[in-house]
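FYI, it's all coordinate maths here, none of it is from the lab. Keep in mind that what you see is a predicted model, and the values were worked out from it rather than measured. In this analysis, Cβ positions are derived from the backbone assuming ideal geometry, glycine residues included, and neighbour counts consider all displayed protein chains.
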Amino acid sequence: MADKLVFLDEQGEKIELELIETLEVEGETYCLFAQNQDDEDAYVYKKIVEDGKEKYVVIEDEEEFERVLEHYNSYFDEE
């Protein structure tokens, strides 16, 4: 069974998301979440450890977000 976490969406509603992929990009860890494996809509969060606890934060920097997406998409270019 895949890891599932509960997040708040833009409207403040709880949404359960499944961990689809974990990526290492330039020394940082990013996680791709979706409502299910077949969902085309996905959420990308930066995983940080603060006070010994894992936290997922929204990537607000557009260039950082683009780097993560390029890295993720490169998996499919190799196939």
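A few comments on the model shown:
- Computed log₁₀ I(q)/I(0) - Debye formula, equal Cα scatterers, no solvent, the chain, q 0.11 Å⁻¹: -0.30
- Relative contact order, whole percent, for the chain stands at 18, derived from Cα pairs under 8 Å and 6 or more residues apart.
- Magnitude of the charge dipole for the chain, about its Cα centre and with charges confined to Cβ atoms of Lys, Arg (+1) and Asp, Glu (-1), is about 500 debye.
- Unit charges at the beta carbon, dipole of the chain: most positive-side option, VAL44, TYR56, TYR75: TYR56
- Least to most buried among GLU21, GLU10 (fewest other Cβ within 10 Å first): GLU10, GLU21
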